[in-house]
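The numbers here are math on the coordinates, done by the rules we state, and not lab data. Since we're looking at a predicted model, the values are computed, not measured. With ideal geometry, Cβ positions are generated from the backbone for all residues, glycine too; neighbour counts draw on all protein chains shown.
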Amino acid sequence: MSKTKHIVLAAIFSICSLLHAEVATYTVTSYHDIALTDGDAPNGSIVTFNSTTASGTRITAGNNATLTIAGYDGYYIHTISLKMHSNNTSGAGSLSMYLNGTEKATIPDASFADESWNGAYAGSDVWVDVNVPFSHGFTVHEGEVITIVVRSTTNSLYLGGCSISYREGAILSLPKIVSFSTGTEQTISPIKESAAGKGVVLPSLPDADMVWHFLGWTEAPLPHTVSCPEYYKPGTRFFPAKNITLYALYVNEIEAEPIMQDTLFESGQYALVSADPYYCMMKGNVVEKSVQSQRVDLIYGPDSLYSLIARTIPPESRYSIHFTDSTAVIQHVVSGDYIGYKVSSSTHYLAPSSSEWRIMRGSDHSLCFYHHMQYDNIVSAYCLYPNLISGGYVYKDTQLYLNSSSRFILLFPVPETEPSLPLYTTNPLSGLGLESQTEETIYRVYRLDGTFVISCSTDDSLRDLPCGTYIITSPQGAEKRIVR
C-alpha cells in the first residue's frame, strides 16, 4: 500500500474516532474554582483550577495557573484545548502538561503572538482556543491524574477554562475481573469475563454461621445497618464496568411474613409496585419528571394474588392514596410532595402537583392510574408506569393502551404494626474479614498542582494529611477534599 493511502486511511480513522468522542467543557469561575458548563463528563471525574495570582482568570508575570484533571480512568483523551487570551499588545509564558508526573506536552516560554501559542495577541474581548500540543491521544489508566500548568513571564495571560475531547479507551474494552470479599474465612477466586461485556455469573456462599445468612453481593462494604442495600443475587449474571470487588452481604434473619397485595383500594398508605417483567417499586418524589424505583421480590400465589417479600414498606416508598369512586390523588409521605402530572399541547410529564388520576382496574387486581384518555381505534391514555432509562426502571408518564386484561400497578398496604427489622452487613463476624474489606480500596492523594503525595488503604489515613486542599482518587472516582 502506498504511503499516500496510509496517510488517507489514518486521517479517516482519526475523523471517525473524533465523531464518537464526547466533549466536556469547563469554565473558570474564580481563581480557585472551575465548573462543568457544557457536555458530559465521566462519572466520578473532577477538574480543579488554582491560580497563584488570586485574580480570577488572570495570570500575571511570575505566577502560574494549574488545571488538574482526575477521574478520567479508562478513557482515551483525543484533545485538550484551553480557553485563553492575552493583553492587547503583550503577554507571554510557557505551558507544561503532565500525566502522573511525566511530561507529555510543552510550550516553551514565548509571547502569546508566537505560533506556538496563538500567532497573535488577543485582548480581553476575544477568547481563543489553544490546543495543548501532545503529539497523539492517550488512554488514562486507573488513578492517573493529568496536570496542566500555565506560567506567565510577561503581563498578562488569561486562562478561562478548558475543553476535553474523550471517548472510551481500549482499556475499557478488555475483559473485567470481579474479585470477592466474603467477610469470613471462606475464599473465592476472582472471576474474569470470557470476553469484554459478557459479564460473570455470581457464585453462592454458605451462611457465615447460625445467625448470619448469605443474601448476595454488593458493591461496597457495609457496617451493621437496618437498611437493606442494593445487591446482586447469586447465580445471576453481573456486568462490571471496570475491575471491581464485590462484598458478600448477610442478614441476621431470613424468615419474613410477606405483605399481601391489596384488593380493596381504600384510602390509605401503600407501596406502588410493578410485577413481571419490571419487579420494581416506586421510591421517592418526582425529580426531573420521573420517580425512581428499587427492585423487589414478588411471589404469585394460587389465589392469583401477589405477595411482596418484605417485612415492611421502606419510608421512601410509602405513598398516601386518597380514593374516590373513579379517581385517586397520590402523595409521597416522607416529602409531602404529590405525584401528579402536567400536560401542554406538545408534551406531558410527571410533576409534583396535586392531580386527580382516573383509575381503571386491570388483571391480577392491579390498578391503572391514568389521565387524558385518547380514542384512535384503540383507547389509550397517559399512565403512571415504569420506563427503562439508562439500564434501570423509573416511573414516568407513559402512554399505554387501556385494556382491563392488562396488568398495571399493584398496591401493597403499609403494615399497621411495624415489625422488628433485621440487620444487614458485609462483616458478619466481629473483627474477622474487616481488614480484607478495607484493604481493597486504594486511595491516591495529589496536591492541586498534580504532585503525588501518598497512597493509603483506609480513609482514616487521609485525616492525618497536613492542612490543605487535595485531589483524592480511588476506583470509585475522584474527589476534591479540604483538610483542616
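Here are the numbers:
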{"item": "Size of segment 337-384 as Cα extents on the principal axes (Å, biggest first)", "result": "28, 27, 12"}
{"item": "Mean Cα-pair separation over length for segment 172-306, i.e. relative contact order, pairs under 8 Å, 6 or more apart, %", "result": "21 percent"}
{"item": "Sequence of Met282, Met260, Met210 once ranked by neighbouring C-beta atoms within 10 Å, starting from the fewest", "result": "Met210, Met260, Met282"}
{"item": "Gyration tensor (Cα) of segment 111-263, equivalent ellipsoid semi-axes in angstrom", "result": "53, 20, 15"}
{"item": "Label point distance in nm, Ala113-Gln269, each placed 7 Å from Cα along Cα→Cβ", "result": "7.4 nm"}
{"item": "Rounded, prolate or oblate (a/c below 1.5 giving rounded, otherwise prolate when a/b exceeds b/c) for segment 259-413 by Cα gyration tensor", "result": "rounded"}
{"item": "Folded to 0 to 90 degrees: helix 3-19 orientation relative to the chain principal axis, Cα", "result": "50 degrees"}
{"item": "Net lengthening on full extension, Thr236/Lys342 (0.36 nm per residue, minus Cα-Cα)", "result": "34.3 nm"}
{"item": "Peptides 283-289, 62-68, 155-161 ordered by average Cβ neighbours within 10 Å, highest first", "result": "155-161, 62-68, 283-289"}
{"item": "Relative contact order (%) - criterion: Cα under 8 Å, at least six apart; region: the chain", "result": "14 percent"}
{"item": "Packing-based exposure ordering (other Cβ within 10 Å, fewest first) of Phe369, Phe323, Phe238", "result": "Phe323, Phe238, Phe369"}
{"item": "Bins of 10 Å from zero: percent of alpha-carbon pairs in the chain", "result": "4, 15, 19, 20, 19, 14, 7, 2, 0"}
{"item": "Value of relative contact order over segment 3-171, rounded to a whole percent, pairs C-alpha under 8 Å and six or more apart", "result": "32 percent"}
{"item": "Lysines with Cα under 25 Å of Lys480, excluding same-chain neighbours fewer than 8 positions away", "result": "Lys83, Lys104, Lys242"}
{"item": "Those lysines that a straight Cα-Cα span of less than 17 Å connects to Lys289, excepting residues fewer than 8 apart in one chain", "result": "Lys342, Lys396"}
{"item": "Pairwise Cα inverse-distance average, inverted: Kirkwood Rh of segment 3-171 (Å)", "result": "16.5 Å"}
{"item": "15 Å cut-off, amide nitrogen to a point 7 angstrom out along Trp127 Cα→Cβ, residues in segment 86-115", "result": "86"}
{"item": "Segment 206-220 versus segment 42-108: alpha-carbon centroid distance in Å", "result": "48 Å"}
{"item": "Helical mean residue ellipticity (222 nm; -39500 (n - 2.57) per DSSP H run of 4+; nearest 500) of the chain", "result": "-1500 deg cm²/dmol"}
{"item": "Length added when fully stretched, Ala195-Arg358, from 0.36 nm per residue minus Cα-Cα", "result": "53.8 nm"}
